[in-house]
1. Net charge around residue 40, counting only other residues with Cβ within less than 15 Å of its Cβ (Lys, Arg = +1; Asp, Glu = -1)?
2. Could you give each residue of the stretch 117-128 its phi-based ³J(HN,Hα) in whole Hz, using Karplus coefficients 6.51, -1.76, 1.60 with θ = phi - 60°, and x for Gly or Pro?
3. Hey, if you drop one equal point scatterer on each alpha-carbon of the chain and run the Debye formula without solvent, what base-10 log of I(q)/I(0) do you get at q = 0.19, 0.20, 0.21 Å⁻¹?
4. Which of the cysteines found in the chain have nothing to pair with, since no other Cys Cβ lies under 4.7 Å from theirs?
5. Can you find, among 101, 88, 51, the residue farthest towards the positive end of the dipole of the stretch 1-128? Put +1 on the C-beta of Lys and Arg, -1 on that of Asp and Glu.
6. How much accessible area per residue does the chain have, counting only protein heavy atoms and a probe of 1.4 Å, in square angstrom?
7. If we count every other residue with Cβ under 13 angstrom of residue 91's Cβ, Lys/Arg +1 and Asp/Glu -1, where does the sum land?
8. Under a 10 Å cutoff between Cα atoms, tell me which one of 124, 73, 81 has the largest fluctuation in the Gaussian network model of the chain.
Amino acid sequence: MNIGISACLLGESCTYNATHHLVKDLLLMDDVHFFKVCPEVLGGLTTPRDPCEIISTHPIQVISINGEDKTNAYIKGASKALQIFKNNDIKVALLKYRSPSCGNDGIYDGTFSHQLVQGQGVFASMCQKNNIKVFHEKQLNEFFDYIEKNRL
């Protein structure tokens, strides 16, 4: 089974502060092939990089903590990551919780004050619009149940 995943969840140090969020339980999965992506890196952002947050969803606008508009990089990276998923017939993905790219169950509100609002990251939104089921690492039980029920 092909599964899309945020690269940081498999131990790649690609987060804004050049760390990772390895989920060791994923390494125990058999009969799966992970396709890991970091939309932010694919969009041309460096590691490390300034933290970014979404300040508007209609139209989408992503800014760095220093006020720089990073929207184009986020859209470009999300589009590239989505193409990787499409090319590999990805139907389910495990993405990084609360990320401005990958968050699918709340995002930070754009004030850099750690306040959450309802919403999705740029890439998570693209995935769902393209019928890719999205989970985050705080939903591991649901993710594993879904995988078990949908193995081909």
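The values are calculated or read from the model by the stated rules, or taken from the named source; none is laboratory data. This is a predicted model, so every value here is computed, not measured. Positions of Cβ are generated from backbone atoms using ideal geometry, with glycine treated the same way; all protein chains shown enter the neighbour counts. SASA here: full protein model, heavy atoms, side chains in, ligands and nucleic acids out. Shrake-Rupley method; radii C 1.70, N 1.55, O 1.52, S 1.80 Å.
1. Residues close to residue 40 contribute a combined charge of +2.
2. Working through the residues one at a time gives 9, 5, x, 10, x, 4, 6, 4, 5, 4, 4, 5 Hz.
3. Values, matching the q order: -1.14, -1.26, -1.38.
4. Unpaired cysteines in the chain: 8, 52, 102, 127.
5. It is 88, whose Cα lies furthest towards the positive end.
6. Per residue, the chain has 53 Å² of solvent-accessible surface.
7. Details: positive: 86, 133, 149, 151; negative: 89.
With Lys, Arg at +1 and Asp, Glu at -1, the net is +3.
8. Taking springs between Cα atoms under 10 Å, the residue moving most is 73.
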